[in-house]
Every structure is written in structure tokens, then in C-alpha cells.
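Here the structure is laid out as C-alpha cells; the discussion comes afterwards.
Every number here is computed from the coordinates shown, using simple stated rules; none is lab data. This one's a predicted model, so the numbers in the text were calculated from it and none came from an experiment. Note that we place each Cβ from the backbone using ideal geometry, even for glycine, and neighbour counts take in every protein chain shown.
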Amino acid sequence: MSVVNVFFYIFATTLVVSSLLVITSRNPVYSVIFLIMAFFNAAGLFILLHAEFLAMILVIVYVGAVAVLFLFVVMMLDIDFAELRSGYMKYMPLGVLFGIGLFAELGLLFKAWTLPADVAKNIATPVPKDEAITNTEAIGRVLYTDYVLFFQTAGLILLVAMIGAIILTLHHKKGVKRQNIAEQVGRKREDAIEMVKVESGKGL
Amino acid sequence: MYSDIFSILPEIILAIGAMLLLMIGVFKKDGESSVVGILSLGLIIITGMFVYMQPSEPQVAFNDSFTIDAFARFLKILVLLGSFVVIYMSNEYIQEARLRYFEFPILILLATVGMMLMISASDMMGLYLGLELQSLSLYVLASFHRRSIKSSEAGLKYFVLGALSSGMLLYGISLVYGMTGSTHYSVIATVLKAGDVNIGLIIGLVFIMAAMAFKISAAPFHMWTPDVYEGAPTPVTAFFAGAPKVAAMALLMRLIFEAFPHITNHWRQILVFMSLVSMVLGAFAAIGQTNIKRLVAYSSIANMGAILVGLVAGTQFGISSVLIYLTIYLITTLGLFACILAMKREGEMVEDISQLAGLSKNNLLMASLMGIFFLSLAGIPPFAGFWAKFYVFSAVIDTARGDAAGVAHPGLYWFAAIGIVSTVVGAFYYLRMVKIMFFDEAVIDTLDPMHGKLQFIAVLAGIFTIFFIFFPDPLISSAQIAAASFFR
């Protein structure tokens, strides 16, 4: 067994175990922590596949942004998780049944996993043979050329997500004082300061 | 590159137009949303003209991932029609329900961009991205009435189940990609033509089909439909019932006829099951409904089952019958929703079926139009809906006699027979609606008179439904031209 294999099994086992812990641990904060653990191990698997760019993106985007946001949400929201789990036992037999079904399918798949002989020649954009090209550069070369349509569509999807978040959560309340930067910047000395000559012995 | 941009010009115009309208909406003060609505109607018309001007001979763009042909043109015009009518009808509702957000037409426009991308997608990645663009807009639209608990519930339910179905879709796509080495439909078809089919690919196909069934709300993945239809604001329900179904059906058709044409027997089994379950469930579950939007939801499940019958046929005739059915279904549904939007008593929307009792004495026009739409959905001649069902069932009988290769499929006779029987069962609740409107005693106070715009749409749809029998040729011939795109 080579070193790569050893690392593969370490990463893969930890990934599976921590994913299981995500859905089984009672404290939701632990769940998020295990999720982060799972992301790190998945990133490790990507590195073994020589896909450093994907590994870094996984860590930066999923751990750095998504999981931390999850953590905030879980800590800030007052969710009664005991109540959420109340129907758990009722639906568990059915869930287990479907789970077994899916696992059986996966088992079949594992047994029958024979790729067609010349499948590699169908790959639309194979990894460049040239060692000098890093995989970040290789992705960059096709992402903005051959796959520009998908790139732009993904952008539109993000736009819809943004519009949706604003529509569903933004409330305009009446009578709330808001910062008006233009007004602040446009304010002049004369508007704010008044020179008054005060005679002695008298008030204003 | 220049020709690529030319191929996708309608989508670019619609997307950029939607973003411009977003800017207009943001910078226009005091929430005057109708300007954005009117401009978006103009934008859809312009886009429709550009779609109409596209060549009908097939062209591929963007590295073979985007196809324009007669099929795409036909369905894109259908989808644009659905979006246009919904935006046109919804303005008054939005004003009255105090939902004066200018984003409503913009989200419909962006969903339409997604649907047009779905119709033209000839690559798995394009399929997924188009579907997500459409679905994400629909999730937001479902919960648009954010002060209403039901609307929020509808949005959340749709979102959670939609995310699950996206997961299944991606899993299926990854299996197909693993087994064929490509995400392009044409390459997948070539691999499947040459080699034998292994189980990994079949499991991938099943997962993809399950996700598609969710999007077209075919049983057994229909559970979200009644709740979402009921909870969402009525114009949004009108939108859900029309254009997205057309787009998802187009996506399914292009997928099975371009990527999997050589394993027809494998996907036919799945479609036969989905179609049968949908027709039977749609017919029986609708009987007990008291809310008209839930009733329409079950009716749409049954209709999707009937549309799948045409796909089961798997022939050119089958595809053209599906296109005819989709057109008739879309127009009938839009007309029906124009009537449902007019169900108001003193400005409040009513959704209970019993409220329609004796409608014919107060508002004969609305009662007759609704009656025509229900009879058409039931498939009673001479209305358009009958011909829709007639074509899909004759297509499947044709295949049962002998498919393109001359092989007979005797099992499909049974399939067609059960389908027709369930249509007869379904006719019960449509006829009950007609009975309630025409023969029951009127409730004390009458419904408000129908708004002019809604009446206009309903009358147009009614004219189409009645007179289709005399002038079927334009629709049939353009459907045949569109269907020929897959058989060259």
C-alpha cells in the first residue's frame, strides 16, 4: 500500500464517520463542527486527485463562508430541536426502509462498476498533459471560453438568490432613522455652527 | 463565437431586459410597480419576436450545449405566452393584496429565462443550471405573500422538496457521466448506441427521471403540488400550472430523445409507471377536494399523466401529440385561472368550491367559460381537451401496433385502456363543478363582476377551446414540424 492509499483511507474513513456524526449528534453546534470536519476531509481527497483548486475552493467557500454562517444561524436562532425531533420515531421505520433500498442500489452499482473501455476518449475537456499548466489555470482556460454560458447562467442564479433574499426578508419600517451619507457629507460648517455674541450678564 | 451569441439572442435580451427593469424598479420611488409590469410585457413580446425569427433548421452553440431548432422555437413561444398572460392578469391582484413589489414580474422574467435555457439545453450541465434558475425563482414566487403563513409554508415546502429533487438529479447525472464519460446528449447517445447498457447507467437514468417527475408534478413525486398550489398567491399558482410544466416536459423530451434514444425500452417502463399512477391518482384524489386550487392541482397531476402517454409512444407522432396537448393544456389552464382570479366577493378572494353554487344565474358568462374549461380538461368532445387526449392515446395505440422498428408492444393496449378509464373517472369531478355552477341553489350574495382584463383572457381562451375543432391545422402542422426536429 502506497502512501497515497494510506492517506486516501484516512480521509475517506474520517469523511464518512464525520458525516454520520453530522446527522446523529444531538447538539446542532456539534453537527456544524462535524460538517466542517467533513469538508476538510473532502478537500483532502481532492488534493489526492491533484485537484488543488477544488480543494482550496471547498475550504474557502464551504468552511469559510457557508459553514460559519450555519454556525451563526444555529447559535442565533432559538429552535427547539427536541420538538423538531418529536416525529422522528414515527417515521423512522419508513426512513430505514428507504435507506436500505438506496444502499442496496449502491451495492448493485459497486458490483457492476465496469466502465466502458474507451470512456476516457469522450471527455470533453481532459486534464492537460503538460505538467507546466496548473489545474487552476486549466480550469480558467475553459471556464470563460467553452463554458461561458454555464458561467453566466450561474451568475443569473445568484442574482435570483439575491433578489429572493431581499424580497422575503427586507421590511421597510416607518419612523426608523437611517444614516444618510449624502446628507452627512453635504453638511456645511454654516449649517451647524452659529456665532452668537453674548452680552455679559445676560443669557441667550 | 458571433454565431453563438446570435443563437442565444432571445435569452440575452430577456435577461438583460429583466436586469434593466430591476434598476428601473429600484430607482423609481414610492412603489409604483405597474410601470415595471407593463414594460415587462413589452419585453416578452420583443423576445417572442426574436424567437420567432430564429431559423428552424437545427443549430448548436456554446460547445454543443445549446440547441435551437423548430422544437425549441415552438416551446419557447408557448412558455413566453404563459408568462405574458400571467403578468398581464396579475397586476390588479398584486395591487389589491398589498403586494406592491416590483420584483414580481422580474422574477417571472428570470424564471422564463431559465425555462428557455431548459428547452434548448443539450448538455447535462445546461439542463441543471436552467432548471435551477427556473426553480429558484419559483420558490421565491411561491412565498411571495410573506404575511400569509400558508404562502410561506408553500414556499418552504416547495424549496425543501425541490432541493431534494435537485440532489437526486445531480446524483443521476453524475452516474450517467461516469458511465459514458460525457455530459453532452449527442455523445451519450453515441456511447449507448455502440455499447451495452450497464446497471450504473440505468440507476442514473432512474434518478434523473425521478427528479423530472418532481418538476412536472407526476406521481409518485406529486406530494408538494396541492399544498403549493393552495398556499401560493393565485397568480403565482396560475404561473406554476402553465409555463414551468411546459418547460420541464420539453426538457424531459429533449433528454430522452437526444441522449437516450437507443434505450427506449428502459425509460418507457419508468414513464408507463409514472403516467399510470398520475392519471389514476389525479382522478381519484380530486374527488374529495373542496378548495378549487387544490382541485386544479390534482387535475394538473392527471393531465401530466396523460401527457406522458404521448411520450411513452416514443414516436414522432407521439411527440407532436404531446406538443398539441401542452398547447391546449396551457391555454385552457390560463383561461381557467383567469376565472379563478375573478372569484371575489366584496374584494376578498374566495377559493371554496361551494361558493360557486348558482353562478350561472348571477354571471352567466363566467359560469359558461368555467364550464367549458372544466369540460375541456375532462376531455369531453367537441372541446379542445378531447382532441388533446385523442392524439396522445392514438399515438400510444400506434406504438402498441408496432413501433419504428416494427416491434409490437401488446402491453401498451392495457396501458391505454387503464388511462382512458381513469380519464372517465376524472370526468366525475369536472362534471360536478358544472353541476354546482349551473344547477345548485345560489348562495345569498353574488360574486363580484369579472374584471375586464380577466374577462378578455378567459374569453380568448374559451374561443380557442370551442373552435379548435374547426381550425386545428395551424397548431397540428407546427407541432409536426417541431416534432420532426428529433427524427432527421
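Any idea what the dipole of region A:50-204 comes to, in debye rounded to 20, about its Cα centre with Lys/Arg Cβ at +1 and Asp/Glu Cβ at -1?
Here region A:50-204 has a charge dipole of around 680 debye.
If each of A:SER200 and A:VAL148 carries a label point 7 Å out from its Cα toward its Cβ, how far apart are those two points in nm?
8.1 nm
Could you tell me the calculated FRET efficiency between B:MET53 and A:ALA165, based on Cβ-Cβ distance and R0 = 45 angstrom, to the nearest 0.05?
0.75
Dividing the alpha-carbon Rg of region A:132-204 by 2.2 N^0.38 Å yields what? Each step should come with its number before you reach the end.
On the way: Rg = 28.2 Å, N = 73, 2.2 N^0.38 = 11.2 Å.
Here the answer is 2.51, to two decimals.
Quick one: grab the alpha carbon gyration tensor of region A:1-78, order the square roots of its eigenvalues as a ≥ b ≥ c, and give me rounded if a/c is under 1.5, else prolate or oblate depending on whether a/b is larger than b/c. Don't jump to the answer; show the numbers that get you there.
Values: a/c = 5.12, a/b = 1.66, b/c = 3.09.
Judged from the Cα gyration tensor, region A:1-78 comes out oblate (a/c at least 1.5, b/c at or above a/b).
In nm, give the distance between the simple-model label positions of B:VAL407 and A:LEU106, each being 7 Å from the Cα along the Cα-to-Cβ direction.
3.4 nm
What size of dipole, in debye to the nearest 20, comes out for the protein assembly as shown about its Cα centre when the only charges are +1 on Lys and Arg C-beta atoms and -1 on Asp and Glu C-beta atoms? Don't skip to the answer; put the middle values down first.
Numbers: 42 positive and 43 negative charges, 176 e Å.
Result for the protein assembly as shown is approximately 840 debye, rounded to the nearest 20.
Cα centroid distance between region A:132-196 and region B:187-262, in Å?
First find each Cα centre; the distance between them is then 35 Å.
Along the charge dipole of chain B, Cβ charges K/R +1 and D/E -1, which of B:SER422, B:SER186, B:SER321 sits furthest on the positive end?
Of the listed residues, the answer is B:SER422.
Considering only Cα-Cα distances, which of the following residue pairs are longer than 19 Å: B:LYS215/B:LYS245; B:LYS293/B:LYS453; B:LYS76/B:LYS157; B:LYS150/B:LYS215; B:LYS150/B:LYS293; B:LYS293/B:LYS344? Please report the intermediate quantities before stating the final value.
Details: B:LYS215/B:LYS245 7 Å; B:LYS293/B:LYS453 21 Å; B:LYS76/B:LYS157 28 Å; B:LYS150/B:LYS215 21 Å; B:LYS150/B:LYS293 13 Å; B:LYS293/B:LYS344 14 Å.
Too far apart for the 19 Å limit: B:LYS293/B:LYS453; B:LYS76/B:LYS157; B:LYS150/B:LYS215.
List the residues of region B:295-337 whose backbone N lies under 19 Å from a point placed 7 Å from the Cα of B:ARG432 along the Cα-to-Cβ direction.
It comes to B:295-303, nothing else.
For region A:1-72 and region B:386-432, what is the centre-to-centre distance using only Cα atoms, to the nearest Å?
Going from one Cα centre to the other spans 51 Å.
Let me know the mean shielding of A:143-156 by other chains, meaning the per-residue number of their Cβ atoms within 10 Å of its Cβ. Could the numbers behind the result be given before it?
Working: counts 0, 0, 2, 4, 6, 4, 14, 11, 1, 6, 13, 4, 1, 14.
Averaged over the peptide's residues, the number is 6.
What number comes out for the charge environment of B:VAL296, summing +1 per Lys or Arg and -1 per Asp or Glu over other residues with Cβ under 15 Å away?
0
Cross-link candidates for B:LYS193: which lysines have Cα within less than 26 Å, leaving aside residues fewer than 8 places away along the same chain?
Straight-distance partners of B:LYS193: A:LYS111, A:LYS121.
Taking Cα centroids, how far is region B:474-488 from region B:1-65 in Å?
Between the Cα centres of region B:474-488 and region B:1-65 lies a distance of 25 Å.
Give the calculated FRET efficiency between B:SER354 and A:LEU97 to the nearest 0.05, with a Förster radius of 51 Å applied to their Cβ-Cβ distance.
Numbers: r = 40 Å, r/R0 = 0.79.
Given R0 = 51 Å and the Cβ-Cβ separation, E is 0.80.
In the protein assembly as shown, if every C-alpha pair distance is counted and binned at 10 Å from zero, what percent goes to each bin?
So the P(r) values, bin by bin, are 3, 13, 23, 25, 19, 10, 4, 2, 1, 1, 0, 0.
If packing is taken as the average number of other Cβ atoms within 10 Å across a peptide's residues, how do A:168-179, B:9-20 rank, most packed first?
Working: A:168-179: 6.5, B:9-20: 19.4.
Descending mean neighbour count gives B:9-20, A:168-179.
Given the C-alpha atoms of region B:413-488, compute the convex hull and give its volume per residue in Å³. Could the numbers behind the result be given before it?
Details: hull volume 12.9 nm³, N = 76.
Residue-normalised Cα hull volume stands at 169 Å³.
Taking the dipole about the Cα centre of the protein assembly as shown, with the C-beta of Lys and Arg at +1 and of Asp and Glu at -1, give me whichever of B:GLN134, B:LEU336, B:LEU21 is farthest to the positive side.
Farthest towards the positive end: B:LEU336.
Per residue of B:53-62, count partner chain C-beta atoms within 10 Å of its C-beta, then hand back the mean as an integer.
Values: counts 0, 0, 0, 0, 0, 0, 0, 0, 1, 6.
Mean inter-chain Cβ contacts per residue within 10 Å come to 1.
Using the Cα atoms as the points, what is the convex hull volume per residue of region B:48-146 in Å³?
Details: hull volume 8.7 nm³, N = 99.
Spread over its residues, the Cα hull of region B:48-146 gives 88 Å³ apiece.
How far apart, in nm, are the 7 Å Cα→Cβ label points at A:PHE53 and A:ALA117?
That separation, rounded to one decimal, is 3.3 nm.
Taking the Cα atoms of chain B, report the difference between the largest and smallest coordinate on each principal axis, in whole Å and largest first.
70, 55, 41 Å, listed from the longest principal axis down.
Other chains' Cβ within 10 Å of A:160-171 residues: what's the mean?
6
In what sequence, highest mean first, do B:61-69, A:155-163, B:197-205 appear when ranked by Cβ atoms within 10 angstrom? List each step's numbers first, then the result.
Numbers: B:61-69: 21.9, A:155-163: 17.0, B:197-205: 19.7.
With the highest mean Cβ count within 10 Å placed first, the list reads B:61-69, B:197-205, A:155-163.
May I ask you to order A:35-48, B:102-115 by the average number of other C-beta atoms within 10 Å around their residues, highest value first? Could the numbers behind the result be given before it?
Working: A:35-48: 19.1, B:102-115: 26.9.
Peptide ranking by packing, descending: B:102-115, A:35-48.
Can you work out the Karplus-derived ³J(HN,Hα) for every residue in region A:132-141? Use 6.51 cos²θ - 1.76 cosθ + 1.60 with θ = phi - 60°, whole Hz, and x for glycine or proline.
6, 8, 6, 6, 4, 5, 5, 5, x, 5
Largest first and in whole Å, give the semi-axes of region B:172-287's equivalent ellipsoid, each being the square root of 5 times a Cα gyration tensor eigenvalue. If you can, show how the numbers build up before the last one.
Values: eigenvalues 187, 46, 25 Å².
Those come to 31, 15, 11 Å.
What is the list of residues in region B:250-293 whose amide nitrogen lies under 16 Å from a point 7 angstrom out from the Cα of B:ALA194, following Cα to Cβ?
B:262
Using r as the Cβ-Cβ distance of A:THR13 and B:ILE149, and R0 as 35 Å, what FRET efficiency do you calculate, to the nearest 0.05?
On the way: r = 45 Å, r/R0 = 1.28.
Efficiency, rounded to the nearest 0.05: 0.20.
Looking at the P(r) of chain A, how many percent of alpha-carbon pairs lie beyond 24 Å?
Working: 14678 of 20706 pairs.
Everything past 24 Å amounts to 71 percent.
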